[in-house]
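The values are calculated or read from the model by the stated rules, or taken from the named source; none is laboratory data. The structure presented is a predicted model; accordingly, all values stated were derived computationally and were not measured. Methodologically, a virtual Cβ is constructed for each residue, glycine included, from the backbone with ideal geometry; neighbour enumeration extends over all protein chains shown. Heads up: the accessible areas ignore ligands, DNA and RNA and are worked out on the full protein's heavy atoms, side chains in. Shrake-Rupley method; radii C 1.70, N 1.55, O 1.52, S 1.80 Å.
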Amino acid sequence: MRTVIAGNWKMNKDLPQAMDLLARLAAAAPVGDVEVVVAPAFPFLGQAVERLRGTRVAVAAQHCHEAAGGAFTGEVSAPMLASLGVRFCIVGHSERRQYCGETDALVNARIRALLAAGITPICCCGERRAEREAGRQQEVVGAQLREALAGLSAAELMRIIVAYEPVWAIGTGLNATAEQAQDMHAFIRSVLRGLAPEAADQVPLLYGGSCKPDNAAELFACADVDGGLIGGASLEAASFLELVAIAHRCKQPR
Ligand code: PEP
């Protein structure tokens with residue numbers, strides 16, 4: 001199984017700050033086989049690809065539109081991202097669901113657009129606090145995934161990454177416990193198995209939500225946690241690279 005550590009910079013860092021962080025990541029020695037991905041804001045994607053060329057760090061976008069092009073002011077398409085050399089794209093992040101009206105149907109359309117453009121979608125799912133308190137977390141995440149991944153072939157499913165990000169853990173400092181993460185990741189694996197048995201064991205399942213160097217080892221040690229989608233701790237080179245090193249220690253050899 002691949003191990004992936006992806007940093008979601010969200011709407012943080014101006015150009016000099018972004019270039020500084022990219023330079024620090026580019027200078028760091030590669031750590032094992034961990035796939036390292038960073039998602040700067042749209043304006044810096046082209047420069048990020050250039051700055052990281054020849055390193056083992058790949059570039060992700062944080063969003064894309066589902067259409068290949070046209071009259072969608074302010075939007076960016078998957079073919080545009082591909083033409084820059086962007087290799088991954090986050091889809092269905094809870095912040096885009098909450099603030100930008102991203103529905104499961106849109107997530108599905110965007111995943112299809114990304115796959116058609118040769119970009120790996122990082123498909124986010126996760127329940128809200130009230131849903132977990134009501135014991136509905138599997139119902140919610142299962143429904144999100146079944147709609148987001150509807151109609152994809154096994155070959156297409158093998159090309160995606162899923163990130164489980166409980167909404168109550170994002171940016172709150174309150175991470176899921178290892179047990180909560182493992183339970184949900186095993187459930188997600190079973191949902192994927194129901195969609196395409198041959199793909200289920202190929203799809204990296206990332207945990208996201210207040211994942212930091214001091215809690216990452218127990219999360220990454222879980223059998224079905226194949227890495228992390230990292231927000232706050234991806235904004236500093238030291239903490240992000242430490243997470244890459246922890247993932248390497250927890251997941252090698254597999
Ligand atoms: C995220 O928003 O994807 C995320 C995981 O954020 P944080 O690590 O800051 O909780």
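Out of the residues in the range 212-244 meeting the condition of being out of contact with any helix residue (DSSP H, G or I) (no Cβ under 9 Å at 6 or more places or on another chain) and not in a loop (DSSP other than H, G, I, E, B), tell me which one is surrounded by the fewest Cβ atoms within 10 Å (Cβ to Cβ).
The selected residue is D214.
Being more than 16 Å from the ligand (Cβ to nearest atom) and open to solvent by less than 70 Å² (accessible area, probe 1.4 Å) is the requirement here; does A71 meet it? Step through it out loud before you land on a result.
Numbers: more than 16 Å from the ligand (Cβ to nearest atom): yes; open to solvent by less than 70 Å² (accessible area, probe 1.4 Å): no.
Answer is no for this residue.
Taking the criterion of being surrounded by fewer than 18 Cβ atoms within 10 Å (Cβ to Cβ), within 16 Å of the ligand (Cβ to nearest atom) and without any contact (Cβ under 8 Å) to a residue 60 or more places away in the chain, would at least one residue in the range 128-138 satisfy it?
Yes; the residues of the range 128-138 include at least one that is surrounded by fewer than 18 Cβ atoms within 10 Å (Cβ to Cβ), within 16 Å of the ligand (Cβ to nearest atom) and without any contact (Cβ under 8 Å) to a residue 60 or more places away in the chain.
What's the total number of residues in the range 1-48 that are crowded, with 18+ Cβ neighbours inside 10 Å, over 18 Å from the mean Cα position of the chain (by Cα) and of a type outside the set (A, V, I, L, M)?
1
When you look at L205, is it open to solvent by 40 Å² or more (accessible area, probe 1.4 Å) and of a type in the set (A, V, I, L, M, F, W, C), yes or no?
So L205 fails the test.
Table: residues versus (1) over 23 Å from I246 (Cβ atoms); (2) out of contact with any Leu (no Cβ under 9 Å at 6 or more places or on another chain); (3) modelled with pLDDT of 95 or more.
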residue: A23; (1), (2), (3): no, yes, yes
residue: V38; (1), (2), (3): no, no, yes
residue: L45; (1), (2), (3): yes, no, yes
residue: A61; (1), (2), (3): yes, no, yes
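State yes or no: is E147 modelled with pLDDT of 95 or more, open to solvent by 30 Å² or more (accessible area, probe 1.4 Å) and either under 18 Å from L205 (Cα atoms) or basic (K, R) (or both)?
Judged against the criteria, E147 is a match.
A199 fails exactly one of the following numbered conditions: (1) in a helix (DSSP H, G or I); (2) open to solvent by less than 50 Å² (accessible area, probe 1.4 Å); (3) within 16 Å of the ligand (Cβ to nearest atom). What is the number of that condition?
Evaluating A199 over (1) in a helix (DSSP H, G or I); (2) open to solvent by less than 50 Å² (accessible area, probe 1.4 Å); (3) within 16 Å of the ligand (Cβ to nearest atom) leaves (3) as the failure.
Considering the range 71-96 alone, what residues qualify as being farther than 21 Å from W168 by Cβ, within 17 Å of the chain's Cα centre (by Cα) and not hydrophobic (A, V, I, L, M, F, W, C)?
R87
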